[in-house]
1. Restricting attention to the range 228-257, which residues are among the basic types (K, R) and over 27 Å from H106 (Cα atoms)?
2. With the range 52-149 as the region, which strands (runs of 3 or more DSSP E) entirely inside it contain at least 3 residues that are more than 29 Å from G173 (Cα to Cα)?
3. Just for the range 32-78: of the residues that are free of Cβ contacts under 8 Å to residues at least 24 places away in the same chain and hydrophobic (A, V, I, L, M, F, W, C), which one is farthest from E93 (Cα to Cα)?
4. Quick one: F95 ticks every box in (1) without any contact (Cβ under 8 Å) to a residue 24 or more places away in the chain; (2) not assigned by TED's automatic domain parsing to the domain that holds G173 bar one, so which box is it?
5. Whether any residue in the range 155-167 is in a loop (DSSP other than H, G, I, E, B) and open to solvent by less than 20 Å² (accessible area, probe 1.4 Å) is what I want to check.
6. How many residues are within 23 Å of the chain's Cα centre (by Cα) and of a type in the set (A, V, I, L, M, F, W, C) when one looks only at the range 19-71?
7. Condition first: within 15 Å of the ligand (Cβ to nearest atom) and outside any helix (DSSP H, G or I). Now tell me which residues in the range 22-48 satisfy that.
8. Under the condition of being open to solvent by 40 Å² or more (accessible area, probe 1.4 Å) and away from the ligand (no atom under 13 Å from the Cβ), which residue from the range 1-17 is farthest from the chain's Cα centre (by Cα)?
Amino acid sequence: MAYVSETDPPNYCGYGTVRPEHVQIKYSDDCWNSRTDIDKELLTFHELGHAVLGRVHSNTQLSNGDHQSIMYMNPFGLYNESTLDKKAYYLDELFDMTTPEPQWAHVDRPNRVEILKDSVAAVNAWKFGTTGLIDHAGVVSHEAFVSAGHSLSIQANAAGSGISFWRYDLSPGNVTIGSALTLTVKVMTKDVTGPGLDFELQGFDAQDTNVFYVYSKKITGTQDFKEYTIDLHYFPRDVSVVSIFLLMDGRSTGTAYIDDISLVNKY
Ligand SMILES: [Zn+2]
């Protein structure tokens, strides 16, 4: 293996050949110097795949849309620190192309465990907060609801800046790495103008660093209660807290009511 300032032929980050059994790695910032240790490992495994195992490039995808092989043309980011558990599969596949699809790539997840089912009672665990200059109020409302006589409402009295949100934190408990999460909420809106409301699922590690973030499209206008879902397809490692946000952009006006919030773990 050799570090080179330019590969021969040029313009590759790495170049592996079987005869002679040889790997060139370009030590530019893009290809190597500024890369994480994991990306350096991925590039090295990829080139050794060419040089030692005689493998060619693969463009095939797994069911969930992830690349099937480290032999994908650009292996950077195939796994990272929080998805390191994918590595075992990719190494197996590198040596044996008939390796079956890993469970974390399955789209059909037959097992379901409900981790949160909240029909929103008068007293509940949701916390309301705001940032920026904003005239939004968070009210546990009995004006509109689907069940249990109440919903979480956000009343945006005037357009401002920042955000307002209802937040619910939970411990991931028995959620396994690589499993999926589905968040379902029912939302009713009244005269919501501006960017509107969305809902989000976020994960944080012990240092409070964000490790995943999925969000819905924005909801605006006037509508009766309607169900929305968002999915996290791969639950990463090192998650200390899972947070659900029901969030109104500060530039919005109008009222939103949110009810029947559930979080389901699928595997
Ligand atoms: Zn290659």
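The values are calculated or read from the model by the stated rules, or taken from the named source; none is laboratory data. Since we're looking at a predicted model, the values are computed, not measured. Reconstructed Cβ throughout: ideal geometry from the backbone, glycine too, with neighbour counts over all protein chains shown. Note: accessible area is taken over every heavy atom of the protein model, side chains too, but ligands, DNA and RNA are not part of it. Shrake-Rupley method; radii C 1.70, N 1.55, O 1.52, S 1.80 Å.
1. R251
2. The qualifying strands (runs of 3 or more DSSP E) are 135-141.
3. Residue satisfying both the conditions and the ranking: M73.
4. Condition (1) is where F95 drops out.
5. no
6. 4
7. H22, V23, Q24, I25, K26
8. Top of the filtered list is D8.
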